[in-house]
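Okay, structure first, notes after.
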């Protein structure tokens, strides 16, 4: 069982980019971190890199595919057996580059267009549409991983977080998911209803998105450009508020770490992974009287 003063964290999608750097920063703060990755080989390679830097004593690896209930259950069992509790859950994106955000991207054309640099949200600007190919299977996969993978993992690990005296959940989101970027008044109304918002109502929105995509009515029904990614992140922000209300003794927030140089945007970002991870770490280490149920853009509270 866990030592009373020892803290334990899980970071999903942590074999590279901001996730890997977050593992490094947490371990450097004396926290034992479970580095997870969907691909076991890549996860172990990331673990070996950290071991070479001297952090192996604070980091362990466990395979995790957030889309697979059995994989999520296996992780929960591992944490329960090894540590007896969990203090911090940091949930990162697990979509692969081939189907980035529910689309296939013409990488060469995109990189050529980004030579002059960009900012947060530039990677989903409407001008990107000429580089994107959207399909129903990719849209469905994006929602399943971005949103339902997050909820599935949280639900499995919350019983272990309840055993902590300082439970923290940080859902890594994006400014792209701000409701201001979604034309549909219905979606805005559902997601912004703080009093009556439920997981069932979030499900209704995502189900309707898939229905409208299949029927070819995305634009006429007020869905945004790049709908799967944007709406999945809006749903994550909504889910964060639902959880924060349900578990008032937790500190639960979502955060956009900024436009960070990672593989998912072909390293066109303007921030380093160190800078991106620092925003996430700040929320992971909030004091007991810290904020909960909020959306942050880097270190600043923002309207979701």
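Is it the case that residue 245 is touching a residue at least 12 places away in the same chain (Cβ under 8 Å), part of a helix (DSSP H, G or I), within 20 Å of residue 295 (Cα to Cα) and out of contact with any helix residue (DSSP H, G or I) (no Cβ under 9 Å at 6 or more places or on another chain)? Against the criterion (touching a residue at least 12 places away in the same chain (Cβ under 8 Å), part of a helix (DSSP H, G or I), within 20 Å of residue 295 (Cα to Cα) and out of contact with any helix residue (DSSP H, G or I) (no Cβ under 9 Å at 6 or more places or on another chain)), residue 245 qualifies. For region 152-166, the condition of being touching a helix residue (DSSP H, G or I) at 6+ places or on another chain (Cβ under 6 Å), closer than 23 Å to residue 299 by Cα, in a loop (DSSP other than H, G, I, E, B) and at pLDDT 95 or above holds for none of the residues.
Residue by residue, here is whether (1) touching a strand residue (DSSP E or B) at 6+ places or on another chain (Cβ under 7 Å); (2) surrounded by fewer than 20 Cβ atoms within 10 Å (Cβ to Cβ); (3) in contact (Cβ under 8 Å) with a residue 40 or more places away in the chain holds:
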| position | (1), (2), (3) |
| --- | --- |
| 137 | no, yes, no |
| 160 | no, no, yes |
| 194 | no, yes, yes |
| 219 | no, yes, no |
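No other residue among 231, 255, 202, 280 is in contact with a strand residue (DSSP E or B) (Cβ under 6 Å, 6 or more places away or on another chain), part of a helix (DSSP H, G or I), touching a residue at least 40 places away in the same chain (Cβ under 8 Å) and under 22 Å from residue 154 (Cα atoms) apart from 280. Evaluate the following for residue 20: is it within 21 Å of residue 272 (Cα to Cα), touching a residue at least 40 places away in the same chain (Cβ under 8 Å), buried (at least 17 other Cβ atoms within 10 Å of the Cβ) and in contact with a helix residue (DSSP H, G or I) (Cβ under 7 Å, 6 or more places away or on another chain)? Against the criterion (within 21 Å of residue 272 (Cα to Cα), touching a residue at least 40 places away in the same chain (Cβ under 8 Å), buried (at least 17 other Cβ atoms within 10 Å of the Cβ) and in contact with a helix residue (DSSP H, G or I) (Cβ under 7 Å, 6 or more places away or on another chain)), residue 20 qualifies.
Residues that are part of a helix (DSSP H, G or I), touching a helix residue (DSSP H, G or I) at 6+ places or on another chain (Cβ under 8 Å) and at pLDDT below 95 were ranked within region 50-83; the one that is surrounded by the fewest Cβ atoms within 10 Å (Cβ to Cβ) is 56.
Here 268, 262 are screened, and the one residue that is at pLDDT below 95 and over 20 Å from residue 233 (Cα atoms) is 268.
The values are calculated or read from the model by the stated rules, or taken from the named source; none is laboratory data. Note that the structure is predicted; figures quoted are calculated from it, not measured. Because the Cβ atoms are built from the backbone with ideal geometry, glycine has one as well, and the counts that use them run over all protein chains shown.
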